[in-house]
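Enquirer: My structure is below; once you've seen it, I'll send some questions.
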Amino acid sequence: MGPHHPSTHGVFRMDVKLDGETVVDLKPVFGYLHRNHEKLAEDMSYLASMPFTDRLDYFNSMTNNWAYALAAEQLVEIEVPERAEYLRVIMAELTRLVNHVSLVGFFVNDLGALGTPLLYAFREREKILDLFEQASGARMMCNYFRFGGLRCDVPEGWLDRAREVTDRFPKFLDEYEQLLCENEIILSRTQGIGKLSRELAISAGITGPMLRASGVAYDLRKVDKYGIYDRFKFRVPYGEEGDCYDRFMVRMLEMRESIQILKQALADIPEGDIMGKAPRVFKPKPAEVYGRIEGPKGELGFYLIADGTPKPYRYRVRPPSLINLTVLRDMCLGQKIADAVVILGSIDIVLGEVDR
Amino acid sequence: MVTLRNFVGSYFDSNRLTTNDYSWKPKDQLPQSAGEYPKEEGEQLSDTTTVTNYSRNFPMLLHDGGDDPMDTIRCVACQICERECPPQCIYIEKAYDENGKYIKSPAKFDIDVSVCMSCQICVEVCPFDAIVMNSQFELSTPDRFGGLLLRRDDLLKSNDYYHQIHPEEAAARDQKMADEKAAKEAKKKAAAEAAKKKAEEKAKAEAEAKALEEAGEKGKEEDSGKEEAS
Amino acid sequence: MSEISHEPLLKEFSDAHWDEAACAVIVPEGKARAVAEWLLEQGVDYCSNVTGVDYLESEVKEKINNEAGEEETVTRTEPGRIDVVYHLYSMRDQTGPLVIKQRTSRENAQVESLTPLWRSCELQEREVFDLFGVDFKGHPDQRRILMWDEFEGHPMRKDFVEPFDYEWEPTPHDEILEKHKKGKVIV
């Protein structure tokens, strides 16, 4: 099956062996989008790889930026100012909304509900992308985070618009849930399909909503408390069955929690600087660091080895999408071929990140 | 049911439409209509439907106005942006006058927009505020290679144009430049004052030394006079 | 979140040693599987990140005290090596990270696969095999993952020389243009 057009789930191929309509073997094939991002980054300065991180998972450039900035900030100890921390949280949660809302759209698209739900999802996404454009200058390739803060402050009135969008979002979610969550077709096509057991999920290093759908409440925002996430009150939704429906519902619920975080952050955000005291030339001492955050797709980590030059000696991205694909075969075995599409959709992959 | 509500709602509520949200824009800045596209040939307006005054597309070089833009070009061809550019799409050659002296301006400044990824790193690293982002996006050309290589003269834009497309950012940048200039002048002034003070002190010290010397000589003379007298 | 202490591991395996600069445990050759099994029993159930790092042969200048008790600068050659790095966490106790490294030579790179213990290594070890050329003993399905099967060489190695660019684009400033001038490109 595949490779598909990049605008669906990306250029991804599955070698599927079938017995009638039942999947008996499945091998994912990667690499169509491989550009050796890690090798490129080893040949340029630390800052210059920042725009390339946007292009890993092109839905969530803000969180990618944050993971990289977090790792690099460990190399040289920079304090991030208060306002920048709040803005980071706001941007990350907006990104989570963008990702989950478009994922749900794509997911029901895979189920056969062509168009309408996806367009509703994209309508809401568009409003958030407008916010991103006003803050960073670009809708998707934001390149907004810097080591020690953010590139620039948000323009005047931006926070009010963000509040407006945040307040309006739950109404849309209500409507969306009414449309999808009790839909008979969706229930029968997702419940009990592609079950992932708790043990396998942990062993296979599955992270993000997929792990939580399998019943493990492991969220780096709670566990690592990076940034200022310890100041916000939010819950971590998790599923029981680990099937496609749980994965879908966990994302729906996570959006509600994101809105809670957004509301708190937008209410508390202080005035002040947005850039910490960063050295003009970024030249860290020899060290090895691993920074990770809870991206919308799972744990996004950056492993950096500095050797005292302005270029990283080793630069490694831990891509959540790739590692979540480890269990694709296990989930698809014994299911119908049409369900394999749904299972792939529920994993939530972006091939820019899988192949790097 | 939801679909029906959305469909009917889309006639009354702009939030139910999939098009852009302009609710935050002042009334007079709203685009008149989106139906005029394409506009007259060569004409590019910054209010074409999707462009807000925060968007960025490709870099441009700034000059401060005047008849010949090369006289007031801010770029000094220091090549920092060329080094830092992540996809390596900038190409600079320094300009030399007839004596082979470097005259602090670029002879060549090419940006390959087919490679450029609009990341704005060049804008950030530039110490002279010479390169900023343009929001012009209608760059289609029948010539795949030559047409997408912007030369120095294509990139040169006046500061007024920058004010027109990104008013807030441009004002902030001008303010920053003025501050820096003022700081520099203040520093210069301080340095000059310090030098003056130093010179004064030096003169004073010299005068004192001279006086001392003179006194010493006088003393000597007196001594010698005494000696003579004795 | 608290880190997993490396002390018990060092106690259990006396020939493993702690690398202070890298904050990592260097696992003795051939014992990685045993170490991993032991760690798994201790509740380190989540292997987050697997990657390789290539070190070329390098000259290190070191200050030592010689026999006469004077300080002396000695140059010694550090042989090239490849490290395979594992970042381990515990989901059960919500602790981490613990970094373990397997060392191997560049010429005959071979380490033990930990895929049978942590499934998350499966694709990542395949990636290390593909990009660094490290052979994982006991890996269930070791093939190239990102590069195509016919590809020769391992691109993430530091001494990898890129083959001639097939996807040539005439940019006016590149080394590629130089190559073009030399007539190496068939347009």
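The values are calculated or read from the model by the stated rules, or taken from the named source; none is laboratory data. As the structure is a prediction and not an experimental result, all values here were calculated from the model. Please note: Cβ atoms are built from the backbone with ideal geometry, for glycine as well, and neighbour counts cover all protein chains shown. Just the protein is used for accessible areas: all its heavy atoms, side chains included, with ligands, DNA and RNA removed. Shrake-Rupley method; radii C 1.70, N 1.55, O 1.52, S 1.80 Å.
Enquirer: Can you give the Rg to Rh ratio for chain A, taking only C-alpha atoms and Rh from Kirkwood? Intermediate values should be presented prior to the final figure.
Expert: Values: Rg = 20.0 Å, Rh = 20.8 Å.
Answer for chain A: 0.96.
Enquirer: On to the next question. Any idea how far apart A:Asp230 and C:Gln110 come out in nm if each label point goes 7 Å out from Cα toward Cβ?
Expert: Distance between label points: 4.8 nm.
Enquirer: Another one. Need the C-alpha centroid separation for the stretch A:39-107 versus the stretch C:71-111, integer Å.
Expert: Measuring centre to centre over Cα atoms gives 27 Å.
Enquirer: Measuring with a 1.4 Å probe in the full set of protein chains, what accessible area per residue, in whole Å², belongs to the stretch A:116-210?
Expert: Working: 3430 Å² over 95 residues.
For the stretch A:116-210, the solvent-accessible area averages 36 Å² per residue.
Enquirer: Hull surface divided by four, with the convex hull built on the Cα atoms of the stretch A:6-107: how many nm²?
Expert: On the way: hull surface 36.4 nm².
Reported value for the Cα convex hull: 9.1 nm².
Enquirer: Additional query: Accessible area of B:Ile103, 1.4 Å probe, to the nearest 10 Å²?
Expert: Solvent-accessible area, nearest 10 Å²: 80 Å².
Enquirer: Report the normalised scattering of the stretch A:176-319 as log10 I(q)/I(0) at q = 0.16, 0.18, 0.21 Å⁻¹, calculated by the Debye formula with identical scatterers on the alpha carbons.
Expert: For the stretch A:176-319, the Cα-only Debye profile gives -0.98, -1.10, -1.26.
Enquirer: Another question, if that's okay. Modelling each spin label as a point 7 Å along the Cα-to-Cβ direction, I'd like the B:Ala183/A:Asp15 distance in nm, to one decimal.
Expert: Modelled inter-label distance: 6.1 nm.
Enquirer: How do C:100-108, A:118-126 rank on mean C-beta neighbours within 10 Å, highest first? Walk me through the numbers before you get to the answer.
Expert: Numbers: C:100-108: 16.3, A:118-126: 19.1.
Packing order, densest peptide first, comes out as A:118-126, C:100-108.
Enquirer: Just tell me how shielded C:120-127 is by partners: mean number of partner chain Cβ atoms within 10 Å of each residue's Cβ, no decimals.
Expert: Working: counts 12, 5, 7, 11, 7, 0, 1, 6.
Mean inter-chain Cβ contacts per residue within 10 Å come to 6.
Enquirer: Let me make sure I get this right: for the stretch A:149-223, a, b and c are the square roots of the gyration tensor eigenvalues over alpha carbons, sorted descending. Under 1.5 in a/c it's rounded, otherwise prolate if a/b > b/c, else oblate. Which is it? Intermediate values should be presented prior to the final figure.
Expert: Values: a/c = 3.99, a/b = 1.41, b/c = 2.84.
It comes out oblate by the Cα gyration axes.
Enquirer: Now, a different point. Starting from the Cα gyration tensor of the stretch B:91-184, take the square roots of the eigenvalues, sort them a ≥ b ≥ c, and report rounded, prolate or oblate (rounded when a/c is under 1.5, otherwise prolate if a/b is larger than b/c, else oblate). Provide the component values of the computation, followed by the final result.
Expert: On the way: a/c = 2.24, a/b = 1.15, b/c = 1.94.
Cα axes put the stretch B:91-184 in the oblate bin.
Enquirer: Using a 10 Å cut-off around each Cβ of peptide C:42-54, what is the average number of partner chain Cβ atoms that fall inside? It would help to have the intermediate numbers written out before the result.
Expert: Numbers: counts 0, 0, 0, 4, 11, 5, 9, 12, 5, 10, 2, 6, 2.
What the average comes to for C:42-54 is 5.
Enquirer: Let me ask another. If I take R0 = 25 Å and measure r between the Cβ atoms of C:Glu59 and C:Ala21 in this structure, what FRET efficiency does the formula 1/(1 + (r/R0)^6) give, to the nearest 0.05? Show your work: numbers first, answer last.
Expert: Details: r = 18 Å, r/R0 = 0.71.
Efficiency at R0 = 25 Å is approximately 0.90.
Enquirer: Per 10 Å bin from zero, what fraction in whole % of the C-alpha pairs of the stretch C:8-136 is there, up to the bin with the longest pair?
Expert: Taking all Cα pairs of the stretch C:8-136, the binned fractions are 12, 39, 29, 13, 6, 1 percent.
Enquirer: Please compute the length gained on full extension between B:Asp160 and B:Ala199, using 0.36 nm multiplied by the number of residues separating them and subtracting their Cα-Cα distance.
Expert: Details: separation 39, 0.36 × 39 = 14.04 nm, distance 4.43 nm.
Stretched fully, the B:Asp160-B:Ala199 segment lengthens by 9.6 nm.
Enquirer: Alpha carbon centre of the stretch A:266-285 versus the stretch B:72-117: separation in Å?
Expert: Between the Cα centres of the stretch A:266-285 and the stretch B:72-117 lies a distance of 30 Å.
Enquirer: State, to one decimal in nm, how far the label point of A:Lys277 lies from the label point of B:Asp67, with both points 7 Å from Cα in the Cβ direction.
Expert: 5.1
Enquirer: Probe 1.4 Å, all protein chains in place: accessible area of C:Val74 in Å², nearest 10?
Expert: Probe radius 1.4 Å; accessible area of C:Val74 about 50 Å².
Enquirer: Hey, can you rank B:196-206, B:84-94, A:33-43, B:172-182 by average C-beta count inside 10 Å, highest first?
Expert: On the way: B:196-206: 10.5, B:84-94: 19.4, A:33-43: 17.8, B:172-182: 12.0.
Answer by packing, highest mean first, reads B:84-94, A:33-43, B:172-182, B:196-206.
Enquirer: Return the value, in Å² to the nearest 100, of accessible area buried between chains B and A (probe 1.4 Å, both sides summed).
Expert: Numbers: alone 16560 and 14800 Å², together 28780 Å².
Interface between B and A: roughly 2600 Å².
Enquirer: Filter chain A for me: DSSP H helices, axial length by Cα at least 18 angstrom, mean Kyte-Doolittle hydropathy not below 0.0. List them by residue number. Could you put the intermediate results ahead of the total?
Expert: Working: long enough: A:61-75 (22 Å, -0.07); A:82-111 (44 Å, 0.49); A:116-136 (30 Å, -0.28); A:158-180 (32 Å, -0.85); A:244-268 (36 Å, -0.05).
Membrane-span-like by this criterion, though nothing is claimed about a membrane: A:82-111.
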